[in-house]
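The values are calculated or read from the model by the stated rules, or taken from the named source; none is laboratory data. Quick caveat, the model's predicted, so the values are computed rather than measured. Cβ placement follows ideal geometry from the backbone for every residue including glycine, while neighbour counts extend to all protein chains displayed. Ligands, DNA and RNA are excluded from the accessible area calculation, which covers all protein heavy atoms including side chains. Shrake-Rupley method; radii C 1.70, N 1.55, O 1.52, S 1.80 Å.
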Amino acid sequence: PKLNKVDAQAGTGSAAQAIAAQLATARAAAIATGYKAKLTVSGSTVTIATSDSLGAFTNLGSSIELADFGVTVSASPTSSVEFDPRGFAPGITTMQRFIVDAGTSGVPKDTVCVARIGLVMPNGCNL
């Protein structure tokens, strides 16, 4: 039982780090290309897509499966974050939260947040 808790804690932390890294990658892609980039969480899949001059989005690399970490993720208020070419996330009106939950009793949830200025906070929403 104790090992299950340790495994769940490791999965929660690793998934939160993966989401933070994907957010940073999407922001960097927007800045580097000069076009919008978007991170979307759909079910247990995290995908990054970049736009072109026509505004059409194309997936960047392969998706990450959060189920591999043994967690579920809920997003509030939306399930996607879009970065503009300056690295800002103008569509965010309040703090965007991605809550990672292992679903195991006694294991705390982990939260990754994004501010409107594009700041990615991997350890909660406190500035």
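Quick look at the numbers
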{"item": "Full-extension gain in nm, Gln9 to Thr45, via 0.36 nm per residue minus C-alpha separation", "result": "11.0 nm"}
{"item": "Partners for Lys5 among lysines (Cα-Cα distance below 20 Å; same-chain residues under 8 apart left out)", "result": "Lys109"}
{"item": "Residue-normalised accessible area of the chain, given per residue in Å² at a 1.4 Å probe", "result": "54"}
{"item": "Carbon + sulfur, % of accessible area of the chain - ligands and nucleic acids excluded, 1.4 Å", "result": "54"}
{"item": "Stretch gain in nm, segment Ala28-Glu65, where the contour uses 0.36 nm per residue and the Cα spacing is subtracted", "result": "11.2 nm"}
{"item": "Sequence of Thr12, Thr58 from largest to smallest accessible area, 1.4 Å probe", "result": "Thr58, Thr12"}
{"item": "Rounded to 10°, Cα long-axis angle of helix 2-33 versus longest principal axis of the chain", "result": "10"}
{"item": "Aspartates and glutamates whose Cα lies under 16 Å from that of Lys38, excluding same-chain neighbours fewer than 8 positions away", "result": "Asp52, Glu82, Asp84"}
{"item": "Sites Thr93 and Leu54, calculated FRET efficiency, Cβ-Cβ separation with R0 35 Å, nearest 0.05", "result": "0.85"}
